[in-house]
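Nothing in this text is a laboratory measurement; each read-out follows from the coordinates by a stated rule. What you are looking at is a predicted structure, and each value in this text was computed from that prediction instead of being measured. All Cβ positions, glycine included, derive from the backbone under ideal geometry; neighbour counts span all protein chains shown.
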Amino acid sequence: MHTQRIRNALERIGLNNLPEDSHAQLEQGGLDSLMLALLIIELEREFKIKIPVMPLVKEHYESIDSIAKHLIDLGAQ
């Protein structure tokens, strides 16, 4: 459930070359620091949560699966 919503958020910020494997590194697909900032904003909107960015833990955003786990840990529905 979260996986598709995360994929949609990634596409909305312009990352259209998403890997099929949700474990794959998003950095290889073009996720850079600017897109990461946009992604955090988009995820906050999509999941109606506040995502702390200080400190920013890069590992939380390495793959779709790691993003999903992070969102669950933050209480995303």
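Beyond 19 Å, what share of the Cα-Cα pairs of the chain remains, rounded to the nearest whole percent?
23
Applying the Karplus parametrisation 6.51 cos²θ - 1.76 cosθ + 1.60 with θ = phi - 60° to the phi angles of the stretch 19-26, what ³J(HN,Hα) value in whole Hz is obtained for each residue in order, glycine and proline being reported as x?
x, 5, 6, 6, 8, 5, 5, 6
Give me the extension gain from Lys48 to Leu34: residue separation times 0.36 nm, minus the current Cα-Cα distance, reported in nm with one decimal.
2.9 nm
Quick one: Ser22, Ser63, Ser33, fewest Cβ neighbours within 10 Å first, how do they rank?
Ser33, Ser22, Ser63
With a length cut of 18 Å (Cα positions projected on each helix's long axis) and a Kyte-Doolittle mean of at least -0.5, go through the chain and give me the DSSP H helices that pass.
33-47
Would you list Glu44, Glu59, Glu20 from fewest to most Cβ contacts within 10 Å? Could you put the intermediate results ahead of the total?
Numbers: Glu44 15, Glu59 9, Glu20 5.
Sorted ascending by nearby Cβ count, the order is Glu20, Glu59, Glu44.
For Lys69, go through the aspartates and glutamates and keep the ones whose alpha-carbon is under 15 Å away, minus same-chain ones fewer than eight residues off.
Within the straight-line cut-off, Lys69 pairs with Glu44, Glu59.
Using the 10 angstrom Cβ neighbour count as an exposure proxy, how do Leu18, Leu39, Leu31 rank, fewest first?
Going from least to most buried by this count: Leu18, Leu31, Leu39.
Could you give the longest part of the chain that holds none of the trypsin sites (Lys or Arg not before Pro) found in DSSP loops with at most 11 neighbouring Cβ atoms within 10 Å?
That would be 1-47.
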